[in-house]
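Taking it in order: structure first as structure tokens, then the write-up.
Just so it is clear, none of the values below were taken in a lab; they were calculated from the coordinates. On a predicted model such as this, the values are computed, not experimentally measured, just so you know.
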Amino acid sequence: MTRHFLDVDDLSPGELADVLALAAEFKSRGSPRELAGQTLAMLFEKPSTRTRLSFETGMTQLGGHAVFMGPEHTHLDHGEPVSDTGRVLSRYVDFVMGRVFDHDNLVEMAEYATVPVINGLSDIAHPCQSLADLLTIQERFDFEDVSVAWVGDGNNVLNSFAIAASTVGLDLTIATPEGYEPSSDALARASDRGHSPTLTNDPEEAVADADIVYTDVWVSMGEEDEREEKLAAFDGFQLNTDLLPDSAHVMHCLPAHRGEEITGDVLESDRSLSWDQAENRLHAQKALLAYIGENG
């Protein structure tokens, strides 16, 4: 059976632990060329820095090859059914990674593809970011002994992170303005993993005992017409020195809008783990590719 990775819970708790262990090993010792002669097709409907570079570099370090396909390089937005693209790509490549607007397109592609389909980002999930986040936290804490607060928008990054946090037993508190909570489906799936996050609309309450405070942009790609409305709704949710406990680390998946969801001095401070998160996209995704390639 082909193994796809469309969200974090496509891996069992044991499999997730194995991928994180492999990522840590790759980071400390380097990665063998386990995917020599194999090819990853990378489908991009959205711009990218970290996703493209980490996957393309990762495939090279594993001995394989990555092919970038932007919107102008495929027929996805020009009339060809997603199902046809999935079937054709399966005849050429060993993996498909998609960074797309509509999550359902990845679901449909996975239904018809006979090679692993990996979610590089969709409107409702960003599971590869969650792998990097967990690796970053694991480098400093035992999962059972750390408290994490999310302060900001209940977006695709949070949807996946809530499931990931529950899977490894993180104590997670989520603070969003009313009406901007994570999806009910993601919360239900997080609960199914055994550790439901705590929800609040008060950012000060959320960060009070936090070891790590995590945020993301308030206005995501495709939401530009909601900008003024969201900036007003998120007043008081900025990560700054007034809100943050003195000892708390800070996470941000990048890119950051300095002066909106986080101040420049906080992002650039010693407490920021954002650059480790960015680096760990490479190691976590290499581990995912190697693991799926071996266990698919």
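Of the candidates Ala165, Ala17, Ala132, which one comes out as most mobile in a Gaussian network treatment of the chain with C-alpha springs shorter than 10 Å?
Comparing Ala165, Ala17, Ala132 in the GNM, the peak value goes to Ala17.
In 5 Å bins starting at zero, report the fraction of Cα pairs in the chain per bin as a rounded %.
Pairs per bin, as whole percents: 1, 5, 13, 17, 19, 17, 13, 9, 5, 2, 0, 0.
Give me the three principal axis extents of region 141-272 from the C-alpha atoms, as integers in angstrom, largest value leading.
Computed over the Cα atoms, the extents are 37, 32, 23 Å.
Taking the Cα atoms of region 88-217, what is the range of coordinates along each of the three principal axes, in descending order and whole Å?
53, 33, 27
Quote the relative contact order of the chain in percent (integer), defining contacts as alpha-carbon pairs under 8 Å separated by 6+ residues.
20 percent
Given region 203-296, report the % of alpha carbon pairs whose separation exceeds 16 Å.
For region 203-296, the share of Cα pairs beyond 16 Å comes to 61 percent.
Jot down the radius of gyration and Dmax of region 1-69, Cα atoms only, both in angstrom.
Reported Rg and Dmax, both Å: 13.3, 34.
Compute the length gained on full extension between Arg29 and Ser269: take 0.36 nm times their separation in residues and subtract their Cα-Cα distance, giving the result in nm to one decimal.
83.6 nm
Who wins for biggest fluctuation among Ala36, Ala256, Ala190 in a Gaussian network model of the chain, springs between alpha carbons below 10 Å?
Of the options given, Ala36 has the highest mean-square fluctuation.
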